[in-house]
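Single-structure report; data block below.
The values are calculated or read from the model by the stated rules, or taken from the named source; none is laboratory data. If you're wondering where the values come from, they're calculated on a predicted model, not measured in any experiment. Here the Cβ positions follow ideal geometry from the backbone for every residue, glycine too, while neighbour counts run over all protein chains shown. Just the protein is used for accessible areas: all its heavy atoms, side chains included, with ligands, DNA and RNA removed. Shrake-Rupley method; radii C 1.70, N 1.55, O 1.52, S 1.80 Å.
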Amino acid sequence: MVKKICPDDRWAWVEIDLSALRRNTTAFKRRLSRGVKMMCVVKADAYGHGAVRCVNAMHTAGADQFAVATVAEGVALRDAGIEWPILILSQPPIQSVQTLVERDLMPCVYEPDFALALGEAAAAAGRVAKYHLIVDTGMTRIGVAPSEAVELRRTIDFHRGIECAGTLTHFATADVLDDWDFALQLNRFRNAVQAIHDAGMETGLVHCNNTPATILHQECQFDMCRVGIGLYGLQPAETTIGAIDLEPVMSVRGRVTRAVYPEVGAGVGYGMTYRVPKRNIQIATVPIGYADGLSRTLSNNMDVIVGGRRVPQVGNICMDQFMFAVDVNTTRTYCPMPEVREGDVVTLIGVDGDERVTADEMAQLRGTINYEVVCDFGLRLQKIYV
Ligand SMILES: *Cc1c(COP(=O)(O)O)cnc(C)c1O
């Protein structure tokens, strides 16, 4: 049975199962070799799951540090009273250095001007700002070239206002088995780390593994792993299925706000892209739309679950609502659906009875990945922690 939890002001919500989140966190923590730290990636409001509540649950389950994408995300965690180390997975605009110092947020660094501005801001505040040096070993996104890592460090290390607390890179193909590009990236990273050591400098915590690498590549855990999507119970790729058991943390549900039996031929929604084909078709409305993360590209091409059974979504998905159809006709070969009523719980992602819709199924229908599906549902729907 689906629990009848629901916000009072809108019949639409995402359910976040914090005990599943803790179990997933523990499952990853167990995969780490002794002494290897776990950095939990909570960017984009913890992939749509709500960063503050998730950070606290993850810490209970053994997380050591946290990572976000933007300065604002880091500030929001500090405002919520979270005091554990936070890394920003980019080198933010130079104008943000004072905020970084004041809120004790570690940026990634790959340019000397930024590093020195950070040092100046820290020195002015009588502090030492920690940063992580990011190396671009082949993804061509952000970072210093491996061949220039030592020189960058030599250029900035004189500054007493900064301290290198870590050295990292990011893999582009960690989910591909026996991949040459992955091997090349790892090799370049090892060499850059070695060169920094050989030059007599500290690297801080060395880290490169994201979720797929943490699952598939025990050999390069170094000092820390950065786990994201797996904590939320989603597989990063097909190659990791079976290698680790994970429980989805997010369910997406709404309740029927109206259910009617239109005339045969009646149109449903903008453009009337669905027309009621026969008698005894019930059209029900749910207050979730594309502004809530239910992509309009899914229109007339997805199922929802009601009363433990799959039914088709029909008509174009609106900004704030969508409709689905229930065929209550009885035929010799077809077992009719029971009628739906106002207030019935509808599941878009999650389990109801014996039926389940996964973020992966929805991602496949949308032509995207589960990461984007959960991020999108985090945008506006109220989160209920269970
Ligand atoms: C997003 C991100 C991660 C986490 O990736 P997952 O695939 O979700 O584990 C780790 N490191 C960096 C630099 C990232 O941007």
Name the residue, out of 305, 384, that is touching a Phe, Trp or Tyr at 6+ places or on another chain (Cβ under 8 Å), open to solvent by less than 50 Å² (accessible area, probe 1.4 Å) and under 21 Å from residue 250 (Cβ atoms). 384
Meets criteria (in contact with a helix residue (DSSP H, G or I) (Cβ under 8 Å, 6 or more places away or on another chain) and open to solvent by 70 Å² or more (accessible area, probe 1.4 Å)) for residue 279: no
If I filter the range 30-38 for residues that are open to solvent by less than 20 Å² (accessible area, probe 1.4 Å), under 18 Å from the mean Cα position of the chain (by Cα) and more than 24 Å from residue 244 (Cα to Cα), do I get at least one hit? no
Subset of the range 52-61 [within 18 Å of residue 71 (Cα to Cα) and open to solvent by 10 Å² or more (accessible area, probe 1.4 Å)]: 52
Out of 183, 195, I need the residue that is small (Gly, Ala, Ser), away from the ligand (no atom under 16 Å from the Cβ) and touching a residue at least 12 places away in the same chain (Cβ under 8 Å). Which one? 195
It is to be established whether one or more residues within the range 312-322 are open to solvent by 50 Å² or more (accessible area, probe 1.4 Å) and among the aliphatic types (A, V, I, L, M). yes
By my count, strands (runs of 3 or more DSSP E) wholly in the range 257-375 with at least 1 residues that are more than 23 Å from residue 50 (Cβ to Cβ) and among the basic types (Lys, Arg) are 258-260, 309-314
Evaluate the following for residue 376: is it in contact with a Ser or Thr (Cβ under 9 Å, 6 or more places away or on another chain), buried (at least 16 other Cβ atoms within 10 Å of the Cβ) and not polar (S, T, N, Q)? yes
Consider residue 149 against the criteria (1) within 16 Å of the ligand (Cβ to nearest atom); (2) part of a helix (DSSP H, G or I); (3) of a type in the set (Gly, Ala, Ser); (4) touching a strand residue (DSSP E or B) at 6+ places or on another chain (Cβ under 6 Å): it satisfies all of them except one. Which criterion is unmet? (1)
The listed residue being open to solvent by less than 20 Å² (accessible area, probe 1.4 Å), farther than 22 Å from residue 207 by Cα and in contact with a Lys or Arg (Cβ under 7 Å, 6 or more places away or on another chain), out of 14, 41: 14
Which condition does residue 345 not pass, out of (1) aliphatic (A, V, I, L, M); (2) out of contact with any Phe, Trp or Tyr (no Cβ under 7 Å at 6 or more places or on another chain); (3) closer than 25 Å to residue 45 by Cα, if it passes all the others? (3)
Flagged in the range 146-157 as open to solvent by 20 Å² or more (accessible area, probe 1.4 Å) and small (Gly, Ala, Ser), in numbering order, are 147
Give me the residue from the range 19-28 that is more than 14 Å from the ligand (Cβ to nearest atom) and out of contact with any helix residue (DSSP H, G or I) (no Cβ under 7 Å at 6 or more places or on another chain) and, out of that set, nearest to residue 205 (Cα to Cα). 26
Take the range 130-145 and flag every residue that is away from the ligand (no atom under 14 Å from the Cβ) and either open to solvent by less than 40 Å² (accessible area, probe 1.4 Å) or among the aliphatic types (A, V, I, L, M) (or both). 131, 144, 145
Within the range 152-187, residues being within 21 Å of residue 112 (Cα to Cα) and touching a Pro at 6+ places or on another chain (Cβ under 9 Å) number 5
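Okay, residues lined up against (1) within 28 Å of the chain's Cα centre (by Cα); (2) at pLDDT 95 or above; (3) within 16 Å of the ligand (Cβ to nearest atom); (4) open to solvent by less than 30 Å² (accessible area, probe 1.4 Å):
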site: 63; (1), (2), (3), (4): yes, yes, yes, yes
site: 66; (1), (2), (3), (4): yes, yes, yes, yes
site: 78; (1), (2), (3), (4): yes, yes, no, no
site: 89; (1), (2), (3), (4): yes, yes, yes, no
site: 94; (1), (2), (3), (4): yes, yes, no, no
site: 104; (1), (2), (3), (4): yes, yes, no, no
site: 107; (1), (2), (3), (4): yes, yes, yes, yes
site: 120; (1), (2), (3), (4): no, yes, no, no
site: 128; (1), (2), (3), (4): no, yes, no, no
